[in-house]
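Take a look at the structure set out below.
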Number of protein chains: 2
Amino acid sequence: MVRPSDEQLSEWLAVAESLRSTLVPERVEPVAVATVVADPEAFQGWRVVRQGERALPITLKQGESVLFDFGEHLVGQLELRLRVVRGPQDAPLRVRLVLGEVPAEVAEPFDHYSGWLSRSWLQDEVLNLDIVDEVLVLPRRYAFQFVKVEILATGRNFDAQLEGIACLAVTAAQGEVPPAGADEELRAIDAVALRTLRNCMLTVFEDGPKRDRRLWLGDLRLQALGNYRTYRNHDLVKRSLCLLAGFTREDGAVPACVYEYPRAKSGDLYILDYCALFGATVLEYAESSSDWELARQMAPLAFRQIDIVSEKLDEHGTFVDDGTWWVFIDWSETLDKQAAMHGVLMCATLRCIELAERLEMPKEVQRLRRLHERLQVGAERLRDAGTGLFLSGKQEQVSWGSQAWMALGEAVTGDEAASVLRQVAENPDAVRPGGPYLYHYVVEAMLKAGMQREADALLRKYWGAMVRRGASTFWEVFDPTDEHRSPYGSHLVNSYCHAWSCTPAYLLRR
Amino acid sequence: MVRPSDEQLSEWLAVAESLRSTLVPERVEPVAVATVVADPEAFQGWRVVRQGERALPITLKQGESVLFDFGEHLVGQLELRLRVVRGPQDAPLRVRLVLGEVPAEVAEPFDHYSGWLSRSWLQDEVLNLDIVDEVLVLPRRYAFQFVKVEILATGRNFDAQLEGIACLAVTAAQGEVPPAGADEELRAIDAVALRTLRNCMLTVFEDGPKRDRRLWLGDLRLQALGNYRTYRNHDLVKRSLCLLAGFTREDGAVPACVYEYPRAKSGDLYILDYCALFGATVLEYAESSSDWELARQMAPLAFRQIDIVSEKLDEHGTFVDDGTWWVFIDWSETLDKQAAMHGVLMCATLRCIELAERLEMPKEVQRLRRLHERLQVGAERLRDAGTGLFLSGKQEQVSWGSQAWMALGEAVTGDEAASVLRQVAENPDAVRPGGPYLYHYVVEAMLKAGMQREADALLRKYWGAMVRRGASTFWEVFDPTDEHRSPYGSHLVNSYCHAWSCTPAYLLRR
């Protein structure tokens, strides 16, 4: 099979549509009026100082502003209760709103923004209110913890009075989840992870509710793993899987991302490692939901992804990046991705073997086992004879990513796996992960290699560092040595509540 | 009677409410794509150059903009038909709209605005469109002939395509009005006057649909006079009169202006000359509509206005401005208003005598006639024995306004009236009118004094000069010697479709 039938694709899209849910908003008020002050010790140089309980109503004259801290990251519409005081409204009221996930967004002007992604992702609005309604609900959805309300212009006869402000917060994550984590530090990490997961669970699993707001296959797998152990919204996973599968390309490749609006549409991007992991995502969904019917429908498509990646193997069974595909693995700018991608394919093949076994498809089991054996041979060719480390690319690069994925793909197991992981951890020249997505797979690899202690330490060190910097949700990008790091040319456009960073919610409940 | 009963006031407000109409929008498309270029010969230094028929759809990349000329001044909501082209919408689309009644508003940046009225009157919007709908109707009402659409930010994968743009134009003026004017010049003036009147006829008679957007008593009278001879929407006059009368102050003064939204409310401003003319407005309404019932209800309030102004007379029966009231007359900065206000009171008294006669109220007729005789005496004291001109204030100022209002009030009549009007017209030191409101009354005074030729010449000279400068509607403020003149510190905030400037529609049909 190269591609499912058109009828099958249409059916998946119809199922996805039928599972689109209406999110019920919950009204959340800010916890404090605040100011934001420069502080070199604070995250990105900005510290939010709470001024005490929110003291509404607040009268604001032209040129005045007020900052609200909602105490936690929220996703939803903004409700403003504005009134006119002193005299009648003799002119429109012009108001600017700036919404931020982190303090920098409400502290630094957007005018000088020079990132590579659209400036339109920065969350600000200018409202011209001819008539100040008592309750104004803005039409857009925002992702924020902080809101600055600035009165750009009143009339001569009136001032503005802000009587109330609230977020109509939405999520598809329902119910209370018992905390996880053996101590306070881990429970704090867990709480932030749960909020990250919750705030990305909308009408699909979004990657970031502030920026990008798309369903991505790679992020979906990690969110779904967290979801199975917490909110258990299986319909949302099913809808997401059906959307992705429903837009399968002519050659059988599942797209890396899908847009929901104005109508569901393929993002027309394809990522080789994400394709490979489609089968794992289908298997894990079926294991959690017991919906083996969907798994049966999607299994041939999952196996097709493995075939697509396998076309990139050389005569020795080693993955070779021919440059025709986007191989993601990580945002790191220096990482050579050959060995890691080889490991992803091995790992993906193992999960597809499991899938074929569960579905009682012996011929597929046999075929995939043969492939894994071939990949085993191919992996050996990337190993350094002395250290046992996997070397990637012509430069024979040593990286955390290569070792982690090779371990997850069982190119090495047990003590051998632990050995390569420990060696890179101790080698300052090894290329480290550039962000949470790859850090997650490193922790997973450690756990698989029996390195419970190291995995625990890394989780505390990496995700804990975000919590210690005041994170209310986990960030898309985090480099402890460079808080302004951005793959997009500006820290302002980074997403600070990001799907692939929610994995402690899974790791702490594994 | 000092003030009508509370029941009466409530009844008027209820009548006003019952006469609030729903305006039915008419879809109007631009006539051309255009550019605006600096040209010292053009009005305010800006010339709009049409680029030919509107060539939609237009593809706009980030940073690009397009200007539309609708060919005439319109009032209404804006409809945009936007699409995303080249790729999927991978980011919000950020669009800026700038709407202008005159070219300067779409040519000069608003950032440096330093007028005294709110910057919020300048018509611009920043839209952040998460999903580009096919048809977007902006919620606000604008007043404009020109619209600039500027694409502030797209995403990496898409451009914006503007497929359509239209104004959903509204007015309470229905039906076609046969043109007036003996020649092409006058018919051109008439057409602009009709459009001015039409675009100020909304759910009340507004003073300016761009800026202020209020019902003003003084403007109402002039609009109503035009309306009786053209669109004949008597309900709109009745609603406007009832709103003003319904908010009569404790002392019996009718407010100068009223706000309609969010609920009808007095503007809490009182203008002595506007109060005086309330009776004239009631009389003229009843004459045109035959609704003598409303006139009967409102007559005591009309007479009360005369009494309020009469309290300002000195022992000789001459008006003395004690500074406790706003006396408007004109926007001129140098005009001394004593003599003009005296003339307004005489003119208003004459109309109230007529009103009392029509309503068969002989005691009021007698009382008001005695007042007019007293005012006649008082007026004589302001006259220069040699020239016969009326002198105003301690400086004994000679102005057009003084002579015009004294003539309208019949302090002088016939040849005597013509003499004072001709004298000021020929005297370069006489204070000229500062704007259309007073120019109207000068023309009226000339017509009353039998100066048909001079009235006609002045109309062609003053209103014709606006038409020659490209006016599509007549302007709130126009000084032929200073095109940037503004009572508010910036020509950008002037209203360029203004109620009190519509009077050629009346004068040409008198």
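B:ASP429 - would you say it is closer than 18 Å to B:THR334 by Cβ and among the acidic types (Asp, Glu)? Here the answer is yes, as B:ASP429 does meet what is asked.
The residue of the stretch A:244-278 that is surrounded by the fewest Cβ atoms within 10 Å (Cβ to Cβ), among those that are farther than 20 Å from A:ARG351 by Cα and free of Cβ contacts under 8 Å to residues at least 40 places away in the same chain, is A:ARG263. Which of (1) touching a residue at least 40 places away in the same chain (Cβ under 8 Å); (2) under 17 Å from the mean Cα position of the chain (by Cα); (3) within 14 Å of another protein chain (Cβ to nearest Cβ) does A:ARG213 not meet, given it meets every other one? (1) is the only condition that A:ARG213 fails.
For every residue, the table says whether it meets (1) farther than 16 Å from B:SER21 by Cβ; (2) at pLDDT 95 or above; (3) buried (at least 24 other Cβ atoms within 10 Å of the Cβ).
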residue: B:ASP183; (1), (2), (3): yes, yes, no
residue: B:ARG187; (1), (2), (3): yes, yes, no
residue: B:LYS210; (1), (2), (3): yes, yes, yes
residue: B:TYR231; (1), (2), (3): no, yes, no
residue: B:ASP235; (1), (2), (3): no, yes, no
residue: B:ARG239; (1), (2), (3): no, yes, yes
residue: B:CYS242; (1), (2), (3): no, yes, yes
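One residue stands out in the stretch B:69-108 among those that are small (Gly, Ala, Ser) and farther than 21 Å from A:ARG211 by Cβ: the one that is farthest from the other protein chains (Cβ to nearest Cβ), namely B:GLY71. All but one of (1) part of a helix (DSSP H, G or I); (2) surrounded by fewer than 23 Cβ atoms within 10 Å (Cβ to Cβ); (3) of a type outside the set (Phe, Trp, Tyr) hold for A:CYS352, so report the exception by its number. In the conditions (1) part of a helix (DSSP H, G or I); (2) surrounded by fewer than 23 Cβ atoms within 10 Å (Cβ to Cβ); (3) of a type outside the set (Phe, Trp, Tyr), A:CYS352 misses (2) alone. Kindly check whether there is at least one residue in the stretch B:416-433 that is under 18 Å from B:GLY378 (Cβ atoms) and surrounded by fewer than 24 Cβ atoms within 10 Å (Cβ to Cβ). Checked the stretch B:416-433: at least one residue is under 18 Å from B:GLY378 (Cβ atoms) and surrounded by fewer than 24 Cβ atoms within 10 Å (Cβ to Cβ). If you go through the stretch A:344-366 and keep only what is without any contact (Cβ under 8 Å) to a residue 12 or more places away in the chain and over 13 Å from A:GLY279 (Cα atoms), you end up with A:GLU360, A:PRO362, A:LYS363, A:GLN366. Here A:ALA143, A:ALA153, A:ALA160 are screened, and the one residue that is in contact with a Cys (Cβ under 7 Å, 6 or more places away or on another chain) and not basic (Lys, Arg) is A:ALA143. Residues of the stretch B:362-382 include at least one that is touching a strand residue (DSSP E or B) at 6+ places or on another chain (Cβ under 6 Å) and either modelled with pLDDT of 95 or more or in a strand (DSSP E or B) (or both). Of all residues in the stretch B:271-298, exactly one satisfies the criterion of being over 14 Å from B:LYS238 (Cα atoms) and either within 14 Å of chain A (Cβ to nearest Cβ) or β-branched (Val, Ile, Thr) (or both), namely B:ILE271. Can A:GLU26 be described as of a type outside the set (A, V, I, L, M, F, W, C), in contact with a Ser or Thr (Cβ under 6 Å, 6 or more places away or on another chain) and either free of Cβ contacts under 8 Å to residues at least 24 places away in the same chain or closer than 17 Å to A:ALA169 by Cβ (or both)? In short, no.
Within the stretch A:157-169, the set of residues being within 14 Å of chain B (Cβ to nearest Cβ), at pLDDT 95 or above and out of contact with any Ser or Thr (no Cβ under 7 Å at 6 or more places or on another chain) comprises just one member, A:PHE158. A single entry from B:ARG304, B:ARG249, B:ARG263 fulfils the requirement of being within 14 Å of chain A (Cβ to nearest Cβ) and either more than 20 Å from the chain's Cα centre (by Cα) or aliphatic (A, V, I, L, M) (or both): B:ARG263. For the stretch B:37-52, the candidate set comprises residues that are in contact with a strand residue (DSSP E or B) (Cβ under 9 Å, 6 or more places away or on another chain) and either in contact (Cβ under 8 Å) with a residue 40 or more places away in the chain or not assigned by TED's automatic domain parsing to the domain that holds B:GLY71 (or both); within that set, the residue that is surrounded by the most Cβ atoms within 10 Å (Cβ to Cβ) is B:VAL48. When B:GLY409, B:GLY435, B:GLY464, B:GLY450 are checked against the criterion of being farther than 28 Å from B:LEU389 by Cα, small (Gly, Ala, Ser) and at pLDDT 95 or above, B:GLY464 stands alone in meeting it.
For every residue, the table says whether it meets (1) under 25 Å from A:PRO139 (Cα atoms); (2) among the hydroxyl-bearing types (Ser, Thr, Tyr); (3) in contact (Cβ under 8 Å) with a residue 12 or more places away in the chain; (4) surrounded by fewer than 19 Cβ atoms within 10 Å (Cβ to Cβ).
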residue	(1), (2), (3), (4)
B:ILE131	yes, no, yes, yes
B:LEU152	yes, no, yes, yes
B:ASN157	yes, no, yes, yes
B:GLU176	no, no, no, yes
B:VAL204	no, no, yes, no
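Each row is one residue, and each column tells you yes or no for (1) assigned to a loop (DSSP other than H, G, I, E, B); (2) facing chain A (nearest Cβ under 10 Å); (3) of a type in the set (Phe, Trp, Tyr).
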{"position": "B:PHE110", "(1), (2), (3)": "yes, no, yes"}
{"position": "B:SER114", "(1), (2), (3)": "yes, no, no"}
{"position": "B:SER120", "(1), (2), (3)": "no, yes, no"}
{"position": "B:LEU127", "(1), (2), (3)": "no, yes, no"}
{"position": "B:PRO139", "(1), (2), (3)": "yes, yes, no"}
{"position": "B:GLN145", "(1), (2), (3)": "no, no, no"}
{"position": "B:LYS148", "(1), (2), (3)": "no, no, no"}
{"position": "B:LEU152", "(1), (2), (3)": "no, yes, no"}
{"position": "B:GLY155", "(1), (2), (3)": "yes, yes, no"}
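All conditions in (1) surrounded by 17 or more Cβ atoms within 10 Å (Cβ to Cβ); (2) within 14 Å of chain A (Cβ to nearest Cβ); (3) aliphatic (A, V, I, L, M) hold for B:ALA191, with the sole exception of (2). For the stretch B:1-58, a residue qualifies if it is under 30 Å from B:GLU105 (Cα atoms) and basic (Lys, Arg), and the qualifying residues are B:ARG27, B:ARG47, B:ARG50, B:ARG54. Answer yes if at least one residue in the stretch B:314-331 is among the aliphatic types (A, V, I, L, M), in contact (Cβ under 8 Å) with a residue 40 or more places away in the chain and on the phi > 0 side of the Ramachandran plot, and no otherwise. The answer is yes, given that some residue of the stretch B:314-331 is among the aliphatic types (A, V, I, L, M), in contact (Cβ under 8 Å) with a residue 40 or more places away in the chain and on the phi > 0 side of the Ramachandran plot. Look at (1) on the phi < 0 side of the Ramachandran plot; (2) surrounded by 14 or more Cβ atoms within 10 Å (Cβ to Cβ) and you find that B:GLU26 fails only one, number (2). Counting only helices (runs of 4 or more DSSP H) that fall entirely inside the stretch B:388-485 and contain at least 3 residues that are acidic (Asp, Glu), the qualifying elements are B:414-426.
The values are calculated or read from the model by the stated rules, or taken from the named source; none is laboratory data. In this text the structure is predicted, and so the values were computed from the model without any measurement. Methodologically, a virtual Cβ is constructed for each residue, glycine included, from the backbone with ideal geometry; neighbour enumeration extends over all protein chains shown.
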